[in-house]
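Reading through the structure tokens given below for one structure.
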Amino acid sequence: PAGRGRSGGVQIFEPMANVAVSVVSYILLFILISGLAGTVEFHEFKKQFKDKLPIMVGFCGQFVLLPFLGFCSVMIFGLTELGKEDAQTVVAVNATTGNTTTTVTVPDGGVVGIEAVILMMTTSSPGGSYSNWWCFIFNADLALSVAMTTVSSISSVFMLPLNLAIYLNATNSDSIDIEYGPLSIAVA
């Protein structure tokens, strides 16, 4: 019948359920972050920034090594080419200016090479508070983990777009186009 969703329920409840799950998830994440950060004494947190080596190792691992390994995976598995065999290239010529534009479209609204973008976004993104939870569980250096989460979250405003610009341009794919300005604003 009309007005019914896939599961037979009224469709209006599905968006409301999604919102409720999102709100509960954000509340639980806030509690996790606050609880873990609250267990770290401020002088221990500050002390982590005096010894720069662990922070630099974490930074290089997070924003140099991980994106490079993601790029290697993109190239080894040919992720920029996925969907290209089904793609249709359309070349349009503007009659007034004579400029040509090339558009690559994939059936069913897909995008050629989207898997490459997803993998590079994932490997270039900062770590999160989940690592703090693991440090807490295994009695590791929680102050260092919170400090590294702080540094990587702040650095990601410029490092995520920078890594994407470097590595996605290095793929030489003409079908991948990222707007870096809005990306930086969204990360901030």
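The values are calculated or read from the model by the stated rules, or taken from the named source; none is laboratory data. Predicted model only: the values in this text are computed from it and were never measured. Please note: Cβ atoms are built from the backbone with ideal geometry, for glycine as well, and neighbour counts cover all protein chains shown. To get the accessible areas, we keep the full protein, side chains included, count just its heavy atoms, and leave off ligands, DNA and RNA. Shrake-Rupley method; radii C 1.70, N 1.55, O 1.52, S 1.80 Å.
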Practice task
Sticking with the crude label model, points 7 Å out along Cα→Cβ, report the distance from Ser153 to Lys52 in nm, one decimal please.
Solution key: 2.4 nm
Fill in the blank from the handout: With the 1.4 Å probe rolled over protein heavy atoms, the stretch 19-59 has an accessible area per residue in Å² of 78 Å²
Practice task
Over the stretch 122-188, give the accessible area per residue in Å² for a 1.4 Å probe, as an integer.
Solution key: 54 Å²
Problem - From phi via Karplus (6.51, -1.76, 1.60), per-residue ³J(HN,Hα) for the stretch 137-153 in Hz, x at Gly/Pro - result: 4, 9, 6, 8, 6, 5, 4, 5, 5, 5, 5, 5, 4, 5, 4, 5, 5
Fill in the blank from the handout: The correct ranking of Ser131, Ser145 by accessible area at 1.4 Å, largest first, is Ser131, Ser145
Fill in the blank from the handout: Plugging the Cβ-Cβ distance of Leu69 and Ile137 into 1/(1 + (r/R0)^6) at R0 = 22 Å yields, to the nearest 0.05, a FRET efficiency of 0.30
Handout entry: Accessible-area ranking of Leu66, Leu142, Leu32, largest first, probe 1.4 Å
Key = Leu66, Leu32, Leu142
